[in-house]
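Below is one structure, written out as structure tokens; the observations come after it.
The values are calculated or read from the model by the stated rules, or taken from the named source; none is laboratory data. Values in this document were obtained by computation on a predicted structure and should not be read as measured data. Don't worry about glycine lacking a Cβ; one is built from the backbone with ideal geometry, like all the others, and counts go over all protein chains shown.
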Amino acid sequence: MSLFLSQVIREDAHTLFAFLQKEDRDLFETLLSISGIGPKTAAGIIGHMEVNAFQRAISTADIRLLSKLPGIGKKTAERLIIEMRDKFKGKNKTIGTPVMTGGVGDLASDAINALVHLGYSAMDAQQAIQEVMNTQKEETDLGRLITAALRRI
């Protein structure tokens, strides 16, 4: 088993953060470069949302979903979107999963937000919606999408 490490050096502490995936470590280090985002907040973002889901939220400017992350308010979410869009432009927009755009992306985003408001984590909600969208590609009803996702959680 390999771990990907990131060392954070502050005046009062030297801290190592370990990640199972290189993409998580890279996102962590990118988040640290944004003003107002410290190691605790960056780790909280990664712990609650997959890299692909975070990239989708940034590319679709989903302030509501980003505001649900621990330590992220509306203003920080707006700053994240502005600063991370530039950082993601040089990289692949997603890793392994296509970006949902147009009406389907809005439908998926609304469904994820509904599940988060019901008390599910953003990561669980994203995974369930993604599974439903992969199996039921033609789903256009928000209620049926949420119901199918709830069956998978």
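Anything in the stretch 33-65 that is of a type in the set (Asp, Glu) and out of contact with any helix residue (DSSP H, G or I) (no Cβ under 9 Å at 6 or more places or on another chain)? List them, or say none. Steps first, answer last, please.
Looking only at the stretch 33-65, we keep the residues that are of a type in the set (Asp, Glu), and these are 50, 62.
Hits for the stretch 33-65: nothing passes.
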Taking helices (runs of 4 or more DSSP H) that do not extend beyond the stretch 10-64, which have at least 3 residues that are under 16 Å from the mean Cα position of the chain (by Cα) and charged (D, E, K, R)?
22-32
Only one residue in 135, 76, 140, 94 is modelled with pLDDT of 85 or more and outside the structural domain of residue 18 (by TED's automatic domain parsing), so which one is that?
135
Residue 38 versus (1) out of contact with any Lys or Arg (no Cβ under 7 Å at 6 or more places or on another chain); (2) under 23 Å from residue 127 (Cα atoms); (3) at pLDDT 90 or above: which is the lone unmet condition?
(2)
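Test of understanding: among 35, 6, which residue is closer than 26 Å to residue 78 by Cβ, of a type outside the set (Lys, Arg) and touching an Asp or Glu at 6+ places or on another chain (Cβ under 7 Å)? Break it down stepwise before answering.
Details: 35 fails: touching an Asp or Glu at 6+ places or on another chain (Cβ under 7 Å).
From the options 35, 6, the qualifying one is 6.
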